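*Asks:* Before anything else, here's the structure in question.
Every number in this text was worked out from the coordinates using simple rules, so none of it is lab data. The structure presented is a predicted model; accordingly, all values stated were derived computationally and were not measured. Every residue, glycine as well, gets a Cβ built from its backbone with ideal geometry; the counts of neighbours run over all protein chains shown.
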Amino acid sequence: MIKILRANKIAFYVLILVWFIAGSIIFNYTIANAQTANDDQDNVKYINLFGEVLIRLITNYVDELSLKELLEYAIDGMRAVVDQDTTDFVHFTFPDEIEDSQMSRGMRSLSDSRYFAFFDEELRRLRTEYQDEFTIQDLIEGAIDGMLYDVDPHTSFFRPDDFETFRTQTEGEFGGLGITIDKQGDYTTVVSPIEGTPAYKMGILAGDRIVTVDNENVVGMQQDEVIKRMRGPKDTKVLIGIERPGVPTILEFDIIRDIIKIKSIPYAFKLDNGVGYIRIRTFNANTTIELR
């Protein structure tokens, strides 16, 4: 019961302070930069996101975490966003006079508020100095990455695209074309089409180079970005431009996406000595079913 009350108290206190930061940022930026209502809403959204992550860490993590250290690493994360050169990087620490080991409980609450004030000040400073280069979203996501760096290597923050990739891997299916690809130089190259999929039926071959997706040049583009453009809801169309060895012109394929299921277990067999061999390519929601 005491632990629950303490967790609720911390959560409430953190929430109030996060709203203070949000109000401070919006007030200052609205005056300085004549922000629109949409800008204000975005700022509130990302500040709330930071607060939610912070509250979950403090109240749900298996070990007790230090608010002071979490906010120090959050500031590190924001600074890392605007300064990619980590050669001379120095870990941020709050001034010693903010907290004294002899402080009473009430004074410690005051020191917590001063930690947030430092964080607020640094966030506003970086946003002001780099307003043409980085957004509140960039800085807040950097702060979250910084906090999680201090926790452990298995606690992660998923951005929407990252979560979609994670969901695809765990659920074992997605809307797409049905090809295995690899990045070879600047080209996203087809390793093999998956039998029975839209790409296979349309005649996509191993060795084909994907050069355009919906008339957009994807040569030199990161493979994850090319994949993102090719995937989509079932029954939607995507126009793929293919450069095929021995063919002088670009081939275009208008392909209708379908649900592609990722087989967790591509094959299994029994050896002559009676030992069974099961190839598990990846663990997802279908692994148990396929194993049976």
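*Asks:* State, as an integer percentage, the relative contact order of region 233-275 based on alpha-carbon contacts under 8 Å between residues 6 or more apart.
*Replies:* Answer for region 233-275 is 36 percent.
*Asks:* So what are the ³J(HN,Hα) numbers for region 286-292, from phi and the Karplus equation (6.51, -1.76, 1.60; θ = phi - 60°), rounded to whole Hz, Gly and Pro as x?
*Replies:* Values per residue, Gly and Pro as x: 9, 4, 4, 5, 5, 5, 6 Hz.
*Asks:* Of the listed pairs 45/234; 45/228; 45/68; 201/234; 183/228, which have alpha-carbon separations greater than 20 Å here? Walk me through the intermediate numbers first.
*Replies:* Details: 45/234 31 Å; 45/228 25 Å; 45/68 23 Å; 201/234 16 Å; 183/228 14 Å.
From 45/234; 45/228; 45/68; 201/234; 183/228, over 20 Å: 45/234; 45/228; 45/68.
*Asks:* So what's the gap between the Cα centers of region 117-143 and region 214-230, to the nearest angstrom?
*Replies:* Cα centroid to Cα centroid, the span is 31 Å.
*Asks:* Also, quick follow-up: Would you report the distance distribution of C-alpha pairs in region 175-260 as whole percents per 5 angstrom bin, up to the bin with the largest distance?
*Replies:* Histogram of Cα-Cα distances, whole percents per bin: 3, 17, 28, 31, 17, 4, 1.
*Asks:* Taking amide H positions as placed 1.01 Å from N in the peptide plane, with prolines and chain starts having none, which residues 5 or more places from residue 260, or on another chain, fall under 5 Å of its amide H?
*Replies:* Close amide H contacts, sequence-distant or interchain: 174, 175, 176.
*Asks:* Would you please give the FRET efficiency between residue 223 and residue 252, computed as 1/(1 + (r/R0)^6) with r the Cβ-Cβ distance and R0 = 25 Å, to the nearest 0.05?
*Replies:* 0.75
*Asks:* To continue, here is another question. Run the quick spin-label model on residue 290 and residue 66: label points 7 Å from Cα toward the beta carbon, then report their separation in nm to one decimal.
*Replies:* Rounded to a tenth, the inter-label distance reads 4.6 nm.
*Asks:* Quickly rank 259-265, 73-79, 187-193 as a protection proxy: mean count of other C-beta atoms within 10 Å, highest first.
*Replies:* Peptide ranking by packing, descending: 73-79, 187-193, 259-265.
*Asks:* Between residue 131 and residue 83, what is the FRET efficiency for a Förster distance of 25 Å, r being their Cβ-Cβ separation, to the nearest 0.05?
*Replies:* Numbers: r = 16 Å, r/R0 = 0.63.
So the FRET efficiency works out to roughly 0.95.
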